[in-house]
Amino acid sequence: MKLAFHDKSYVTHDLVAEQVALAKLPNAQTVFLQTLRGVLNFGGFLEAPRKAFHARIQQVQCPSLVIWGKQDQFLPITHMAVLKPLLANAQYELIDDCGHVPMTEIAKRFIQMTLTFLSSHA
């Protein structure tokens, strides 16, 4: 879990306990592993699912907001450079001192950015 956060103080005992409880739900581990194996291997993203995602994301016509943590260790910012030409009608926000979960690490700023975006596209 610590890899998901730039600020490791967010990884509390309660958060870990909550995630462990979710992982213990019926079939949770099986579904999680099936999902990962369907898109990843030790070399990174599998070619077929990646190409399918690229094809589908290009079909998105509505305005979109992409909020990306600069220190995201799961999806580094190099992935955002790949996404930009595929999702052309998007506003991109790169957030410093933030990992994979900006909705938690910068919660108030995340909400404000989202509300501003939504109100400008209402």
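We did not get these values from a lab; they are worked out from the coordinates using the rules stated. Please read all numbers here as calculations on a predicted model, not as lab measurements. Virtual Cβ from ideal backbone geometry, glycine too; neighbours counted across all protein chains shown.
Miscellaneous remarks
- Amide H within-cut-off set for SER64, under 5 Å, with H built and near neighbours excluded: ALA90, GLN91
- The range 2-120 shape via C-alpha gyration tensor axes, a/c threshold 1.5: oblate
- Cβ-Cβ FRET estimate between HIS121 and THR78, R0 fixed at 30 Å, reported to 0.05: 0.60
- Entry for the range 19-82 at q = 0.24, 0.28 Å⁻¹: log10 I(q)/I(0) = -1.13, -1.15, Debye formula applied to identical alpha-carbon scatterers, no solvent contribution.
- Gyration tensor verdict on the range 49-118 (Cα atoms; rounded if a/c is under 1.5, prolate if a/b is larger than b/c, oblate otherwise): oblate
- Just checking the listed ones, GLY44, GLY69, GLY99: in the Gaussian network model of the chain with Cα springs under 10 Å, the one fluctuating most is GLY44.
- For the range 74-117, chymotrypsin sites (Phe, Trp or Tyr not before Pro) are listed when DSSP marks them as loop and at most 16 other Cβ atoms sit within 10 Å of their Cβ; the list is PHE74.
- Note on LYS24: lysines with a C-alpha under 29 Å away, same-chain residues under 8 apart excluded, are LYS2, LYS8.
- Listed values for the range 58-73 are Karplus-derived 3J(HN,Hα) couplings in whole Hz (6.51 cos²θ - 1.76 cosθ + 1.60, θ = phi - 60°), namely 5, 7, 5, 9, 6, x, 10, 10, 10, 10, 10, x, 4, 9, 5, 8, and x replaces Gly and Pro.
- Residues whose amide H falls under 5 Å from that of GLY69, counting only those 5 or more places apart or on a different chain, are ILE95, with hydrogens built in the peptide plane.
- Computed over the range 2-120, relative contact order equals 31 percent, with contacts defined as Cα pairs under 8 Å that lie 6+ residues apart.
- Helix-only arithmetic for the chain: the sum of -39500 (n - 2.57) across DSSP H runs with n ≥ 4, divided by the residue total, places the mean residue ellipticity at 222 nm at -15000 deg cm²/dmol.
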